Amino acid sequence: MSKRLRKPVKKEKDFSDKIIKILSQSANKAFNYKQIGANLDLDDTQSRNQIIKDLKILASQDKIIESEPGKYLIKAASQDYYEGKIDMTGRKTAYFVCAELEEDVFIPTNNLNHALDKDIVKVYVYNKRKGKKPEGEVIEVIERNKTDFVGVIDIQKNFSFVSTANPKMYTDIFIPKDKIGEAEQGDVVLVHIEDWPKKADSPFGTVVKVLGKPGEHDTEIHAILAEYGLPSEFPIEVETFAQKIDTSITADEIANRRDMRDTLTFTIDPKDAKDFDDALSFKKLENGNYEIGIHIADVSYYLEEGTILDDEAYQRATSVYLVDRVVPMLPEVLSNFACSLRPQEEKYTFSAVFEISEQAQVVNQWFGRTVIFSDQRFAYEEAQHIIETKEDTIPEDISITGESYVVAPEIVAATLKLDELAKILRRKRMADGAISFDKVEVKFNLDDAGEPQGVYFKVSRDANHLIEEFMLLANKKVAEYIGKQKKTFIYRIHDEPNEDKLIAMQTVIAKFGYKIDFRNKGDVSKSLNQLMADVNGKKEQNLIDTLAIRSMSKAKYSTDNIGHYGLAFDYYSHFTSPIRRYPDVMVHRLLQFYLDGAKSADEEVYEKKCLHCSTMEGLATNAERDSIKYMQVKYMQDHQDEEFLGVISGVTEWGIYVEIIENKCEGMVRIRDIKDDYYTFDEKQYALVGATSNDILQLGDEIYVKVKNADLVKKQLDFNFLRRNTEPKK
């Protein structure tokens, strides 16, 4: 006679934590010991007796309640339960971030309970006693941050798995056989998570879209967009709607506007720009002052609320500027043609017109709809040439057309005077406590196939600052005009920097001999400006610029005006770029609404829109950053045999990050690949220290490296350490 097979007894000290978890997940339901045993998949006598014993102990500790004989409920201890956000570490563990708690709560892997990065969750917090590091367990996933993921599909006989390159996505995604769609083995795909059964190791998903083969240029760019839920093209019905819009300039509409077609007007933009959403007009007045118009494309005239075109623009909320392309907020018929302030064309604009004195004081202001005629289109390089040389001839090597040409004398005079006034505005802004971040931007020379042929750096010069100051002036004055009326408006706000981040930054920059003054807000901004000036042109500039920007709070959109710390403005909005930013469109609409005498708009409605626009801006920024990383990896793939001099830009327990000086590409040298000694991470020195030699590798040290691995899919560079740079630093 065969013996009845029993499940093996699971040796547990007790089941208290698991009982708490079961009761917490069904807070209003009472359980007996049999139901708890079934939940734990335990039915042996020893385990059941332990469960009964643990239930009695927990009840005596007042952690659970015996609601009726033999049945137990979790005690309503709301102080132990919190709602907040999951922040994954990339090591399959996470931290729970909650405004109610003084510090972030560590969540071990086995306590995540299907929560993913940035999910809104309910967490039970342990170890809240003083001196103990709090830990938590996810009790409930309240809201998924995202359900669509990009990864590579591995097709088996009866099912598939998709694995992502995202280090914070700690699980692959199970795809049933009938949900694979058109995907083939090894394809990059977009998958949608449909379910995550309680006892399943992986979530269940379906293939939504095949993006292509890994490593192919278009595949990786589309993968970046898909990863952040950003579109790559317009729906056909939106394109069709846009094509049918009447974009003609009519006498009837001109009659409704201030006609400024006879005022000298021109644009200054990047050489490769296709959409020109701002222009400057210039006129000297009889009283010696200047009338300066900041004219912005009147997108809201064409983009009517409630249409499918407006809905699409709102959902996108911003254009996305990837390394090799622009994904516009508006279809090309508007962004590049009807709304674009192209030279020698009449255009509808929304304008801020100022009377400004020689001392750059605003004497009078006017806001409203206009019609303009742009006399000239400049690239920044061309305007810069005029500012530097005071000459009217643009040489062929910097001309947009590639041919030398002569600029009209009135445009030369206007450019020089605008530059003078812009410099006064900038000096005043800096004196008021504004912070100047002229961070070097990495750009690539691409061939027709999108392959990187070289790297160059974009640096702001006088011509850039000229445009920047007048755009800032318009944004500030529009916000001030509505803000002082106490009506609902959309502000671009920027809080004071996070002190903890500034202190952490101080630790790093001290390695380079710099410091920040923390005595008061004014001292912080002054010392940050001094720091930016001191590092300008130095090898550590990009690192320190990046650290400084990260120490700042993130600017965002809100109806609640707290001012803009970085610009030192009490009122600030975004009025000047409606072709590429939806908040600017809303600002135009609200401004016209109030100019027409309307009462205050619904604040709650606009705050919700602000939140959406801020979120989409963040996703676009991440996509732009990923596209640059991708292109850097691609560029370095073609330079695998070369030695590069780099500066150590980060130190961790697993290795050092190195930024190549000549092209700003950053990669990692893993600690195991540094062969001249056995190195360990010294947290206090923020350095790697050799066990035998006591040699130190720390922030700012220069070393020679060579590419070990360039992974296009992960957008990751690994370097081999060659040797230290023994030459004196310049």
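What the table shows:
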quantity	calculated
Residue-count net charge about Ser649 - beta-carbon cut-off 12 Å; Lys, Arg +1, Asp, Glu -1	-3
At 0.890 mPa s and 25 °C, Stokes diffusion of segment 645-692 via Kirkwood alpha-carbon radius, µm² per second	221
Solvent-accessible area per residue for the chain (1.4 angstrom probe, square angstrom)	50
Segment 412-491 versus segment 633-668: alpha-carbon centroid distance in Å	31
Aspartates and glutamates whose Cα lies under 20 Å from that of Lys75, excluding same-chain neighbours fewer than 8 positions away	Asp14, Asp17, Asp54, Asp62, Glu66, Glu83, Glu135, Glu137, Glu140
Label-point separation, Lys157 to His217 (7 Å along Cα→Cβ), nm	4.2
Cα-based equivalent ellipsoid of segment 194-245: semi-axis lengths in Å, sorted from largest, via gyration tensor	31, 18, 8
Principal-axis tilt of helix 380-389 within the chain, Cα atoms, nearest 10 degrees	50
Estimated distance in nm for a label pair at Ala59 and Asp570, the labels positioned 7 Å out from Cα along Cα-to-Cβ	6.5
Cα-Cα over 22 Å, subset of Lys511/Lys708; Lys443/Lys629; Lys209/Lys443; Lys443/Lys538	Lys511/Lys708; Lys209/Lys443
Mean Cβ count within 10 Å, highest first, over the residues of peptides 715-721, 623-629	715-721, 623-629
Extension gain (nm, one decimal) between Asn287 and Met430, 0.36 nm per residue minus Cα-Cα	48.6 nm
Peptides ranked, highest mean first, by Cβ atoms within 10 Å: ranges 315-325, 197-207, 275-285	275-285, 315-325, 197-207
Over segment 107-182, relative contact order from alpha-carbon pairs under 8 Å, at least 6 apart, %	24
Cα-Cα over 27 Å, subset of Lys92/Lys539; Lys118/Lys274; Lys283/Lys554; Lys521/Lys556	Lys92/Lys539; Lys118/Lys274; Lys283/Lys554
The chain, relative contact order in percent, only Cα pairs under 8 angstrom and at least six apart counted	8
Segment 476-588, relative contact order [Cα under 8 Å, separation at least 6], %	44
Estimated distance in nm for a label pair at Val406 and Asn166, the labels positioned 7 Å out from Cα along Cα-to-Cβ	6.0
Segment 153-192, Rg to Rh (Cα coordinates; Rh as Kirkwood inverse mean 1/r)	0.94
Local net charge near His639, Cβ-Cβ under 12 Å (Lys/Arg +1, Asp/Glu -1)	-3
Candidate values (i) 231; (ii) 206; (iii) 195, label of the one derived for volume of the Cα convex hull per residue in Å³	(i)
Helix axis angle, 409-431 relative to the chain longest principal axis, alpha carbon, degrees	40
Sparse-neighbourhood loop sites, trypsin sites (Lys or Arg not before Pro) in segment 385-433 - DSSP loop, at most 15 other Cβ within 10 angstrom	Lys390
Given charges at Cβ of Lys, Arg, Asp, Glu: segment 174-260 dipole, positive-most of Thr250, Thr219, Gly229	Gly229
Within the accessible area of the chain (1.4 Å probe), percent carbon and sulfur	47
Computed lengthening from Lys554 to Glu237, 0.36 nm per intervening residue step minus Cα-Cα distance	110.6 nm
Neighbourhood charge, 9 Å Cβ-Cβ cut-off, centred on Gln384 and excluding it, Lys, Arg +1 and Asp, Glu -1	-3
Linear extension gain, Ala533 paired with Ile249, 0.36 nm per residue minus alpha-carbon span	97.5 nm
Rounded to 10°, Cα long-axis angle of helix 582-595 versus longest principal axis of the chain	60
Helix-only CD estimate at 222 nm, as mean residue ellipticity for the chain, using -39500 (n - 2.57) per DSSP H run (n ≥ 4)	-9000 deg cm²/dmol
Cross-link partners of Lys146 among aspartates and glutamates (Cα-Cα below 14 Å; sequence separation of 8 or more within a chain)	Asp87, Asp117, Asp119, Glu194, Asp195, Glu227
Lysines with Cα under 26 Å of Lys284, excluding same-chain neighbours fewer than 8 positions away	Lys347, Lys390, Lys417, Lys423, Lys428, Lys476, Lys477
Qualifying GluC sites (Glu not before Pro) for segment 26-116 [loop in DSSP, other Cβ within 10 Å: at most 14]	Glu100, Glu102, Glu103
Calculated SAXS-style log₁₀ I(q)/I(0) at q = 0.21, 0.22, 0.24 Å⁻¹ - segment 507-586, Debye, Cα scatterers	-1.00, -1.05, -1.14
The chain: antiparallel DSSP beta bridges as a percent of all, rounded to 5	90
Loop sites in segment 370-472: GluC sites (Glu not before Pro), DSSP, at most 12 other Cβ within 10 Å	Glu391, Glu396, Glu403
Unit Cα scatterers, Debye sum, segment 115-249: log10 I(q)/I(0) for q = 0.14 Å⁻¹	-0.75
Exposure of Val455 as accessible area (Å², to 10), given a probe of 1.4 Å and all protein chains	40
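The values are calculated or read from the model by the stated rules, or taken from the named source; none is laboratory data. Note that the coordinates shown come from a computational prediction; the quantities given were computed from them, not determined experimentally. We place every Cβ from the backbone using ideal geometry, glycine too, and count neighbours over all the protein chains shown. To get the accessible areas, we keep the full protein, side chains included, count just its heavy atoms, and leave off ligands, DNA and RNA. Shrake-Rupley method; radii C 1.70, N 1.55, O 1.52, S 1.80 Å.
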